[in-house]
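First comes the structure, then the notes that go with it.
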4 protein chains.
Amino acid sequence: MTDNYVFSLPIAVRDYELDSEGIVNNAVYLHYFEHTRHAFCVERGFPFAQMAAEGIIPVVNRIEVDYRVPLRSGDVVDSKLRVDLRGVRFVFSQDLYLSGTDTLVAKAVVSVVAIENGRLSRGERFKPYLLQ
Amino acid sequence: MTDNYVFSLPIAVRDYELDSEGIVNNAVYLHYFEHTRHAFCVERGFPFAQMAAEGIIPVVNRIEVDYRVPLRSGDVVDSKLRVDLRGVRFVFSQDLYLSGTDTLVAKAVVSVVAIENGRLSRGERFKPYLLQ
Amino acid sequence: MTDNYVFSLPIAVRDYELDSEGIVNNAVYLHYFEHTRHAFCVERGFPFAQMAAEGIIPVVNRIEVDYRVPLRSGDVVDSKLRVDLRGVRFVFSQDLYLSGTDTLVAKAVVSVVAIENGRLSRGERFKPYLLQ
Amino acid sequence: MTDNYVFSLPIAVRDYELDSEGIVNNAVYLHYFEHTRHAFCVERGFPFAQMAAEGIIPVVNRIEVDYRVPLRSGDVVDSKLRVDLRGVRFVFSQDLYLSGTDTLVAKAVVSVVAIENGRLSRGERFKPYLLQ
């Protein structure tokens, strides 16, 4: 793998996430990606609840997902990410692999902006935590 | 508006779809988009349950979403779509507008392939219904 | 039917609500019930967003559900309710019927208390709206 | 604690499970309970996917939940259960505690029946696994 991930989180498929085709519904992947970003922020010492307490709201403004391998009951993925700052956007590259393998399950690019007190921010509060 | 939509469905925000910021969670939009595609297939006479009965499974293989205006409690959107066939992929352009206005809430491109009896299909069964 | 419902809302099953058995997941019914209560409050002139703006938070403290008939793709239910005040609890009786029939799909009793400014309230603000 | 639980699973709150009041939505608890039951069946050697493969579908027919303490961002619960057979019903007593404490978060009784090849079963296939 070519990738310089800065965080990895194991996520086990839960059966209620399956749809009637027996595979994880496409919307659920966005939950996996969000949960991974939030866990990353916790690890970096700036949890979501603290952001909210400071009046900072991270908002997703664009998402791209390539779905490669359907997930089924019993599957576990390693959810990995890296993050870059482009202008005012924090751009997360987020990939899911079947646990302990090189099998790419899904590949996403998620762009997030920070709203501070109702206005678009340059994300200064995030930088020391996320871009170490 | 410049767009040649072939289907429109009103969708009212449900309060359980809001996250702790009081806006509709980004993953919920994928539910809106899917629900719209399925309603479109029903209108065209080829409902999802019939596809399943025939062993045809539509699978999302790529999605892009631009989020423009956050949705809040009480909002209603007009969920519009058009569809093109590109190779084996049905490409849905799906846009949400605040109900009865030109305010674009979100803009998506969703690529779907058909799996028939476990194999990638050219979507012949869908064409007469979706590409009228 | 013997019941003095004060509100009814049609709800169509959405395919993403189905689980891998092809029936609506048991947790989704709680979404249907909540959505119905909120729509009822809107009709009565006291929407959820206004409650929040006034610092009033309705909190579910007990729920009982009997599941009678599984819901499948394409089904539509009439979601009906009535409400009584018992002490500090608003007790909603909420029943789902297959649309336009007497077929009972699910039967629930949902008990809700009002938290005002962080403290349990006697629900005085709700009474004029909900108990007409 | 007086209780003879036979299984316990730690579950961390995910931020997308919060509603606009900043607490975990009441429907999400049913996901926690289901996920716990399924993890229990995996531990006992009879995973949900195998049930499906054998034509056995466990169906929830009644649920009661008492919600005691709201869950917030960052919370982790120990999700515990025991199970009894009453007639044809497997009755799960499922309690959530704040992780590592005696603080009861929610208390549920979930009744499940087994459908085998479309007919109500006495659950003979489950007994050797669940009622050890």
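The values are calculated or read from the model by the stated rules, or taken from the named source; none is laboratory data. No experiment lies behind these values; they were computed from the predicted model shown. Cβ placement follows ideal geometry from the backbone for every residue including glycine, while neighbour counts extend to all protein chains displayed.
Which residues, taken from region A:39-73, are within 23 Å of B:Val69 (Cα to Cα), touching a Phe, Trp or Tyr at 6+ places or on another chain (Cβ under 9 Å) and away from chain B (no Cβ under 11 Å)?
none
Kindly indicate whether B:Val76 is touching a helix residue (DSSP H, G or I) at 6+ places or on another chain (Cβ under 8 Å) and either facing another protein chain (nearest Cβ under 10 Å) or β-branched (Val, Ile, Thr) (or both).
It is false that B:Val76 is touching a helix residue (DSSP H, G or I) at 6+ places or on another chain (Cβ under 8 Å) and either facing another protein chain (nearest Cβ under 10 Å) or β-branched (Val, Ile, Thr) (or both).
Do we have any residue at all in region A:66-74 that's aromatic (Phe, Trp, Tyr), touching a strand residue (DSSP E or B) at 6+ places or on another chain (Cβ under 7 Å) and at negative phi?
The answer is yes; a qualifying residue exists.
Restricting attention to region B:30-39, and to residues there that are among the hydrophobic types (A, V, I, L, M, F, W, C) and free of Cβ contacts under 8 Å to residues at least 60 places away in the same chain, which single residue is surrounded by the most Cβ atoms within 10 Å (Cβ to Cβ)?
Taking the candidates together, the pick is B:Leu30.
Could you run through region A:94-117 and say how many residues are at positive phi and out of contact with any strand residue (DSSP E or B) (no Cβ under 9 Å at 6 or more places or on another chain)?
Adding up the residues that qualify gives 0.
Kindly indicate whether any position in region C:20-29 is surrounded by fewer than 21 Cβ atoms within 10 Å (Cβ to Cβ), in contact with a Ser or Thr (Cβ under 9 Å, 6 or more places away or on another chain) and modelled with pLDDT under 95.
Checked against the condition, which is being surrounded by fewer than 21 Cβ atoms within 10 Å (Cβ to Cβ), in contact with a Ser or Thr (Cβ under 9 Å, 6 or more places away or on another chain) and modelled with pLDDT under 95, region C:20-29 yields at least one hit.
Against the definition (at pLDDT 95 or above and surrounded by fewer than 19 Cβ atoms within 10 Å (Cβ to Cβ)), how does C:Leu98 come out, yes or no?
Judged against the criteria, C:Leu98 is a match.
Can you tell me which residue in region D:1-29 is farthest from D:Val109 (Cα to Cα), limited to those that are out of contact with any strand residue (DSSP E or B) (no Cβ under 7 Å at 6 or more places or on another chain) and of a type in the set (A, V, I, L, M)?
Step by step, filter region D:1-29, then rank; the result is D:Ile23.
State yes or no: is A:Ser99 out of contact with any Gly (no Cβ under 9 Å at 6 or more places or on another chain), among the polar types (S, T, N, Q) and in contact (Cβ under 8 Å) with a residue 24 or more places away in the chain?
yes
Among the residues of region A:84-132, write down those that are over 24 Å from B:Arg68 (Cβ atoms) and acidic (Asp, Glu).
Result: A:Asp95, A:Asp102, A:Glu124.
What number of residues within region A:1-22 are part of a loop (DSSP other than H, G, I, E, B) and of a type in the set (Gly, Ala, Ser)?
Counting residues in region A:1-22 that are part of a loop (DSSP other than H, G, I, E, B) and of a type in the set (Gly, Ala, Ser) gives 2.
Please state which of the following conditions D:Ile57 fails to meet, knowing it meets all the rest: (1) within 28 Å of C:Val105 (Cβ to Cβ); (2) surrounded by fewer than 15 Cβ atoms within 10 Å (Cβ to Cβ); (3) free of Cβ contacts under 8 Å to residues at least 60 places away in the same chain.
Of the numbered conditions (1) within 28 Å of C:Val105 (Cβ to Cβ); (2) surrounded by fewer than 15 Cβ atoms within 10 Å (Cβ to Cβ); (3) free of Cβ contacts under 8 Å to residues at least 60 places away in the same chain, the odd one out for D:Ile57 is (2).
Identify all residues within region D:110-120 that are surrounded by fewer than 17 Cβ atoms within 10 Å (Cβ to Cβ) and of a type in the set (S, T, N, Q); write none if there are none.
D:Asn117 - this is the single residue of region D:110-120 that is surrounded by fewer than 17 Cβ atoms within 10 Å (Cβ to Cβ) and of a type in the set (S, T, N, Q).
Looking at the structure I just gave you, is C:Tyr97 of a type outside the set (A, V, I, L, M, F, W, C), more than 10 Å from chain D (Cβ to nearest Cβ) and touching a Lys or Arg at 6+ places or on another chain (Cβ under 6 Å)?
no
Among the residues of region A:69-85 satisfying the criterion of being surrounded by 17 or more Cβ atoms within 10 Å (Cβ to Cβ) and of a type in the set (Gly, Ala, Ser), which is nearest to D:His38 (Cα to Cα)?
Applying the filter and picking the extreme gives A:Ser73.
With respect to D:Lys107, is the statement that it is surrounded by 17 or more Cβ atoms within 10 Å (Cβ to Cβ) and either under 30 Å from D:Asp15 (Cα atoms) or at pLDDT below 95 (or both) true?
no
List pairs: first residue in region C:7-21 and away from chain A (no Cβ under 14 Å) and within 17 Å of C:Phe40 (Cα to Cα), second residue outside any loop (DSSP other than H, G, I, E, B) and aromatic (Phe, Trp, Tyr) anywhere in the structure, Cβ distance under 7 angstrom, at least six positions apart or on different chains.
Close Cβ pairs satisfying both conditions: C:Phe7/C:Phe40; C:Ile11/C:Tyr32.
For region A:67-90, what are the residues that are out of contact with any Leu (no Cβ under 9 Å at 6 or more places or on another chain) and under 20 Å from B:Tyr29 (Cβ atoms)?
Listed by number, the residues that qualify are A:Tyr67, A:Arg89.
Considering only region D:34-83, state which residues are modelled with pLDDT under 95 and among the aromatic types (Phe, Trp, Tyr).
Selection gives D:Phe46, D:Phe48.
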